[in-house]
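Here the structure is laid out as structure tokens; the discussion comes afterwards.
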Amino acid sequence: EALRHPASFLYVARGILGLPALAGRTDPMREGERGRSLLLLFHVVPFARYTIHVVELDASTRTIRTREHGGIIKSWKHTLHAEPAGEGRCRYSDTVEIDAGVFTPIIAVVGIGIYRYRHLRWRRLVRKHLMAEGPRYAVNAEAA
């Protein structure tokens, strides 16, 4: 369920990437949704106008597929998937297909670093913030 919340993205990307258009949003992503925002590196350096299209959101398989692009990135096809891995545990994976022309090898290396960081942040989010009724930060934002 946390995969669907923009607040989760903001949490796991904090420190590396910022999407100002998601700030303060508490409603979950929806299949077919398309958004465009300035993508900020380290929350300060403008990288590109970035477009994200949620092409599939399948609760039964716990899978989200997005198609993204912006700046030198011609295509960023992203699949997020979570599956049960025992009592109170899950296995989470990201699969990304990148086309950035001649910059693809550089963007791929940067992407690996970003996803390693994001996976560390996901583990922290799960340990400290997830509750049965949803992410604590989203629940608190809705109450405010």
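The values are calculated or read from the model by the stated rules, or taken from the named source; none is laboratory data. Since we're looking at a predicted model, the values are computed, not measured. Note: ideal-geometry Cβ built from the backbone for every residue, glycine included; neighbour counts use all protein chains shown. Quick note on the areas: whole protein, heavy atoms, side chains included, nothing else; ligands and nucleic acids left out. Shrake-Rupley method; radii C 1.70, N 1.55, O 1.52, S 1.80 Å.
For a quick size check, give me the Cα extents of the range 43-96 along its three principal axes, largest first, whole Å.
Principal-axis extents of the Cα atoms in the range 43-96, largest first: 42, 24, 14 Å.
Please work out whether the chain counts as rounded, prolate or oblate from its C-alpha gyration tensor, where a ≥ b ≥ c are the square roots of the eigenvalues and a/c under 1.5 means rounded, while otherwise a/b larger than b/c means prolate and anything else oblate? Let's see the in-between values first.
On the way: a/c = 1.60, a/b = 1.39, b/c = 1.16.
Because a/c hits 1.5 or more and a/b exceeds b/c, the chain counts as prolate.
If you build the convex hull over the alpha carbons only and average its shadow over all orientations, what do you get for the range 73-129? Give it in nm² to one decimal. Could the numbers behind the result be given before it?
Numbers: hull surface 17.3 nm².
The orientation-averaged projected area of the Cα hull of the range 73-129 comes to 4.3 nm².
Do the sum for the chain: with -39,500 (n - 2.57) for every DSSP H run of n ≥ 4, divided by all residues, what is the mean residue ellipticity at 222 nm, to the nearest 500 deg cm²/dmol?
Details: 3 runs with 41 residues, N = 144.
The per-residue figure over the chain is -9000 deg cm²/dmol.
Report the convex hull volume per residue for the range 1-82, counting only C-alpha atoms, in Å³. Intermediate values should be presented prior to the final figure.
Values: hull volume 6.9 nm³, N = 82.
Convex hull of Cα atoms, per residue: 84 Å³.
Leaving ligands and nucleic acids out of the surface, order I107, I98 by accessible area at 1.4 Å, largest first.
Working: I107 20, I98 45 Å².
Output order, biggest surface exposure first: I98, I107.
If you roll a 1.4 angstrom probe over the protein chains with everything in place, what fraction of the accessible area of the chain belongs to carbon and sulfur, to the nearest %?
Working: 5010 of 8590 Å².
The value for the chain is 58 percent carbon and sulfur by accessible area.
Which of the helices in the chain, when you take each full DSSP H run, stretch at least 27 Å along the axis at their Cα atoms and have an average Kyte-Doolittle score of 0.5 or higher?
Membrane-span-like by this rule: not one helix.
Run the 1.4 Å probe and let me know the accessible area of W122, rounded to the nearest 10 Å².
Here the residue's solvent-accessible area equals roughly 30 Å².
Leaving out ligands and nucleic acids, note down the accessible area per residue over the chain with a 1.4 angstrom probe, in whole Å².
Details: 8590 Å² over 144 residues.
Each residue of the chain exposes 60 Å² on average to a 1.4 Å probe.
Which trypsin sites (Lys or Arg not before Pro) from the range 1-88 combine a DSSP loop assignment with at most 12 other Cβ atoms within 10 Å?
Sites meeting the loop and neighbour criteria: R30.
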